[in-house]
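Below you'll find the structure, written out as structure tokens, and then a few comments.
What follows is calculated from the coordinates using simple rules that are stated; it is not laboratory data. Bear in mind the structure is a predicted one, so any value in this text is a computation, not a measurement. Cβ sites come from the backbone with ideal geometry, for glycine too, and all protein chains shown count toward neighbours.
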Amino acid sequence: MMSRLVAQIGYPLAGVAFILAAWVFVCWAGNLPTVVLPTPDKVFYAFIARFDLLVSEGWVTLKETLYGFLLALVIGLPMAVAVANSRPLNLMFYPLLIGLQSVPKVALAPIVLVWLGTGMESKLAIVWLVAFFPIIVDTVAGLRSTPRELLELADSLRASRLQIFLKVQFPAALPFVITGAKVAITLAVIGAVIGEFVGSSEGLGFLLLSATSQLDTPLAFAALFALSVLGMFVYLLVELAERLAAPWLPPPSQRH
């Protein structure tokens with residue numbers, strides 16, 4: 001157990017140390033100016049010196065990410081259930097959903113901005129657009145993968161459609177839902193930054209644009225680091241939800 005813990009901590013730390021060493025070497029060997037690539041110590045100093053600013057702007061991006069992600073769950077899960085359990089709805093909407101998934105969300109961001117303005121609403125819409133598709137596609141796949149023998153057994157016991165869904169279909173699809181949520185939450189951070197890039201006066205995306213326009217590259221890298229921390233944090237929230245849902249999940253050996 002101890003050796004496994006050391007490996008889980010030691011290898012990532014070794015990877016970070018290697019990246020930092022390579023970073024320092026590139027800056028030293030290329031004699032790069034700070035505006036092109038700052039050294040790690042300058043990025044760290046910018047992170048500490050502007051920590052309050054990073055936290056306040058990060059809070060804005062975090063709210064946009066979580067609210068948009070929850071909106072994607074609230075809308076995506078019922079739609080996935082409807083599409084998976086209704087052949088007409090499946091034939092009508094599932095091909096459209098797959099087609100819309102291929103549309104670059106960056107291309108839709110200016111249109112959303114015109115419709116909803118530069119406030120929180122446009123950011124939530126963009127985050128929802130990005131996070132919605134992984135949730136609905138994975139949930140539909142999970143509902144369709146329910147073992148037929150379980151459905152036939154529930155039907156033979158004269159279970160209602162609601163009982164079959166709650167006690168058979170949804171528990172079987174839950175691993176797929178969580179997988180889709182893990183993909184969606186990381187994409188939600190990207191969606192929030194896209195929204196802030198296109199039109200915003202706050203958030204880490206806006207701070208990143210502002211820092212680069214002022215040639216404050218250390219602050220820009222500090223904002224990137226803050227975004228990575230935020231992304232890991234929201235991913236861990238989904239991991240926590242998975243742990244809380246563990247009693248309703250099938251054994252790992254039975255998951256697809």
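Matching the structure-derived Cα extents along the principal axes in Å against the labelled list [x] 74, 55, 29; [y] 130, 45, 31; [z] 47, 42, 34 gives the label [x].
For the chain, compute the number of Lys pairs whose alpha carbons are separated by less than 23 Å, excluding pairs fewer than 8 positions apart on the same chain.
Details: K63/K105; K63/K123; K63/K182; K105/K123; K105/K182; K123/K182.
Step by step, the pairs that qualify in the chain add up to 6.
Restricting the calculation to Cα atoms, the stretch 163-230 yields a radius of gyration followed by a Dmax of 18.3, 60 Å. The distance linking the stretch 93-168 with the stretch 11-50 is 41 Å (Cα centroid to Cα centroid, whole angstrom).
Only helices at least 18 Å long along their axis, Cα-based, and averaging 0.5 or more on Kyte-Doolittle count here, so list those DSSP H runs from the chain.
On the way: long enough: 2-30 (41 Å, 1.49); 51-85 (49 Å, 1.30); 87-101 (20 Å, 0.79); 120-144 (35 Å, 1.39); 170-198 (40 Å, 1.81); 217-244 (41 Å, 1.64).
Length and hydropathy pass: 2-30, 51-85, 87-101, 120-144, 170-198, 217-244.
Between I135, Y67, L37, the Cα set farthest toward the positive side of the dipole of the chain (charges on each charged residue's Cβ, about the Cα centre) is that of I135.
Each residue in S200, S156 was given a count of other beta-carbon atoms within 10 angstrom of its own, and listing them fewest first yields S156, S200. The peptide list 66-78, 21-33, put in order of mean Cβ contacts within 10 Å with the highest first, becomes 66-78, 21-33.
Could you grab the relative contact order for the chain? Cα pairs under 8 Å, six or more apart, rounded to a whole percent. Mind showing how you got there, number by number?
Values: 276 pairs, mean separation 67.3, N = 256.
In percent, rounded to a whole number, it is 26.
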